[in-house]
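Undergrad: What follows is a single structure, and I will ask about it in a moment.
Derivation of every value follows stated rules applied to the coordinates shown; laboratory data play no part. Note that this is a predicted model, so its numbers are computed, not measured. Cβ coordinates were reconstructed from backbone atoms using ideal geometry, including for glycine residues, and neighbour counts include every protein chain displayed.
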Amino acid sequence: MLQDLQALWVSAVLERLVLVINHVLAAEPAAMAKLAPHSGRVIAFEVQHWPALLPVPPRIRLCVTPPGLMEWCGPDDNATDADLRVHVDATHPAALFASALAGEPPALQIAGDAALATDMQWLVDHLRWDVEADLERVAGPVVAAQLARLGRTLAAGLRALVRPTGAAAAR
């Protein structure tokens, strides 16, 4: 029963994650143009070096659609049929989260189809979610600017909190 509940929760989170990814891709036509030639290809994302005390996040398999967006391939954990495998280094999950909040790309290892890997690396290097612009559409420019400033302050505080821990662990 607990596994069924977890499967529902993971499925719901992954479906929303794909919506966010597609929102970011659709905001940048060049990104969709990079992915469109790879229609039908499968990209598998997996975390490496995840702390043993935390529940392991599932593998995520995304299929590239003809317009250059992503589609979740479902809960299949078989990454061997993927055209591209992307491994995210999650040795320090809090530092990974803090850098994601700051808009910094994570440390990745990409293996598989060379053309797809090149385009995926381009996406990682050039694609960013403009959260402030999205907030502005919903809440107006003043509120969006204040929320964005609050988010940057929280991200900076989290990075300051996490970095000394990571530096101490490296010694």
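Undergrad: Taking the Cβ-Cβ separation of Ala33 and Arg137 as r and a Förster radius of 30 Å, what is the calculated FRET efficiency to the nearest 0.05?
TA: 0.80
Undergrad: Using amide H atoms built 1.01 Å from N in the peptide plane, name the residues 5+ places from Phe45, or on other chains, whose amide H lies under 5 Å from its own.
TA: Amide H neighbours of Phe45, under 5 Å, 5+ apart: Ile60, Arg61, Leu62, Val86.
Undergrad: Test of understanding: ordering Asp125, Asp130 by Cβ neighbours within 10 Å, fewest first, what list do you get?
TA: Ordered from fewest to most neighbouring Cβ atoms within 10 Å, Asp125, Asp130 come out as Asp125, Asp130.
Undergrad: Could I ask something else about it? Any idea which of Gln121, Leu108, Ala148 is furthest toward the positive side of the dipole for the range 84-149, if Lys and Arg beta-carbons carry +1 and Asp and Glu beta-carbons -1?
TA: Ranked along the dipole, the leading option is Ala148.
Undergrad: Starting with the fewest neighbours, write out Glu136, Glu104 ranked by other beta-carbon atoms found within 10 Å of each beta-carbon.
TA: Glu104, Glu136
Undergrad: By count of other Cβ within 10 Å, fewest leading, how are Val143, Val64, Val138, Val88 ordered?
TA: Val138, Val143, Val88, Val64
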